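Encoded as structure tokens, the structure appears first; notes follow it.
The values are calculated or read from the model by the stated rules, or taken from the named source; none is laboratory data. As the structure is a computational prediction, the values presented were derived from the model and not from experiment. All Cβ positions, glycine included, derive from the backbone under ideal geometry; neighbour counts span all protein chains shown.
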């Protein structure tokens, strides 16, 4: 039997990280939680990677944390999950969760940490700590509230019930829902679009958006990105490409 793990592949400028633990519907083991931050660090440093896709092996995204790991690891397992989530949220390039089947518990935690979420019509979502008597981390709750608002966040956390893809779309938990045959084509088209845009713009937008969600203002961050923009050739290239009616060729941010 294949050992649980995180599989990586690259398709052009898109890195694909696949959660693989099919015997347990792709539940995340403690080892897998711990593997994710250094994996993301390597992909962030790889200049050939401009977009990250996170998905699950087969017809399931992730059924959550391996319960045996939670029992044996206790608070350490939850801490590792939060560290993995935060590393994913801080990844400096666009991230897209591609969800098929169940996206529950820790799986929903990871999907929510991505920038965008595309779901198959059969996807099911749930935030399930109330089934286990677990206090959901404050930072993770804040991220969920930022996506779906306080009322839906409370419904998901209080009830631990699963919702279908259409309800997830209405509440903002996912951005797009596609029938299974069309999902792969849409993911390919979207990631190609993202890979062709300015990574400088995207990285700055990620940090500014995170600040807005937290309700904080940081003048030093603003100054830093203003300086990055001043030193970058992206604006010149973008305007020139537009006037010449050709695709722009953006460089790596300095």
- Task: Return a yes/no flag: does segment 211-231 have any residue that is under 26 Å from residue 55 (Cα atoms) and more than 19 Å from the chain's Cα centre (by Cα).
- Result: no
- Query: Among 115, 219, 179, which is the only one that is in the same structural domain as residue 11 (by TED's automatic domain parsing), out of contact with any strand residue (DSSP E or B) (no Cβ under 6 Å at 6 or more places or on another chain) and either under 26 Å from residue 101 (Cβ atoms) or surrounded by fewer than 16 Cβ atoms within 10 Å (Cβ to Cβ) (or both)?
  - Reply: 179
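Residue-wise test of (1) touching a strand residue (DSSP E or B) at 6+ places or on another chain (Cβ under 8 Å); (2) closer than 27 Å to residue 22 by Cβ; (3) in a helix (DSSP H, G or I).
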site: 93; (1), (2), (3): yes, no, no
site: 103; (1), (2), (3): yes, yes, no
site: 111; (1), (2), (3): yes, yes, yes
site: 125; (1), (2), (3): yes, yes, no
site: 136; (1), (2), (3): no, yes, no
site: 154; (1), (2), (3): no, no, yes
site: 161; (1), (2), (3): yes, yes, no
site: 166; (1), (2), (3): yes, yes, yes
- Task: Output the residues belonging to segment 110-132 that are in contact (Cβ under 8 Å) with a residue 40 or more places away in the chain and within 13 Å of the chain's Cα centre (by Cα).
- Result: 110, 111, 112, 114, 115, 116, 117, 118, 119
- segment 27-37 - residue that is crowded, with 16+ Cβ neighbours inside 10 Å and out of contact with any helix residue (DSSP H, G or I) (no Cβ under 7 Å at 6 or more places or on another chain) and, of those, nearest to residue 106 (Cα to Cα): 27
- Does residue 187 meet the test of being touching a helix residue (DSSP H, G or I) at 6+ places or on another chain (Cβ under 9 Å) and within 18 Å of residue 100 (Cα to Cα)? no
